[in-house]
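What follows is a single structure, written as structure tokens, with notes after it.
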Amino acid sequence: MGQGDDPLPQVDVGAFKTACHAVARSIRATVGDVTLAGVTPSFHTVLITAPGIRSTVLCHELLPVVAFVASPPQAGAPLADFISPPAWADAFELRGFRLLDVGELGMPQASADTSELAEAELEQVRYWRPSTVGELMFNWWD
């Protein structure tokens, strides 16, 4: 974002937390602490656990989209272990979040439409050179 630009709209973290708790209730799971996006990363994270279930949910900071990874994110490391949304994840859609699948997240970044990104964001893309849409959307850039 450039100096003097209007702030970008943020995803309602309360709505994300509510969706996580609703999902957890539906499968008799518990919700771990929500790690909020800040300067970095560009996403919120929550761990949902139940017997036989350990699922890390990512919610983009600006877009109402949800993705799943096989293991909790490590600060600064690219997220390369995206997994398909579990069967119970449709409860997120009922609360206004779009589920991202592995095919979308694994698409080459070069095939993504970046025409609506601001110049400052495009500079970040050129600098960090994400190889996939998943790396573009869920990142640790400042």
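The values are calculated or read from the model by the stated rules, or taken from the named source; none is laboratory data. This one's a predicted model, so the numbers in the text were calculated from it and none came from an experiment. Positions of Cβ are generated from backbone atoms using ideal geometry, with glycine treated the same way; all protein chains shown enter the neighbour counts. Accessible surface is based on the protein model in full, side chains and every heavy atom, while ligands, DNA and RNA are left aside. Shrake-Rupley method; radii C 1.70, N 1.55, O 1.52, S 1.80 Å.
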Inset, instruction - Would you mind getting the accessible area per residue of the chain, heavy atoms of the protein chains only, 1.4 Å probe, in Å²? - result: 57 Å²
Legend entry - Point-to-point label distance, Thr30-Ala110, nm (Cα→Cβ direction, 7 Å offset): 4.7 nm
Legend entry - For Val69, residues with placed amide H under 5 Å, excluding near neighbours: Thr56, Leu58, Ile83
Inset, instruction - Heavy atoms only, probe 1.4 Å: what % of the accessible area of the stretch 74-142 goes to carbon and sulfur, would you let me know? - result: 54 percent
Legend entry - Per-residue ³J(HN,Hα) for the stretch 54-69, Karplus 6.51 cos²θ - 1.76 cosθ + 1.60, θ = phi - 60°, Hz, x for Gly and Pro: 9, 10, 9, 10, 10, 10, 4, 5, 10, 10, x, 10, 10, 9, 10, 10
Inset, instruction - Per DSSP H run of at least 4 residues, take -39500 (n - 2.57); add these up for the chain, divide by its residues and hand me the 222 nm value, nearest 500 deg cm²/dmol. - result: -7000 deg cm²/dmol
Legend entry - Added length on full extension, which subtracts the Cα-Cα distance from 0.36 nm per residue, Arg98 to Ser131: 9.7 nm
Inset, instruction - Can you tell me the 0 to 90 degree angle between the C-alpha axis of helix 119-128 and the longest principal axis of the chain, rounded to 10? - result: 80 degrees
Legend entry - Rounded to 10°, Cα long-axis angle of helix 13-26 versus longest principal axis of the chain: 30 degrees
Inset, instruction - Stick to Cα atoms and the Kirkwood definition of Rh, then tell me Rg/Rh for the chain. - result: 0.97
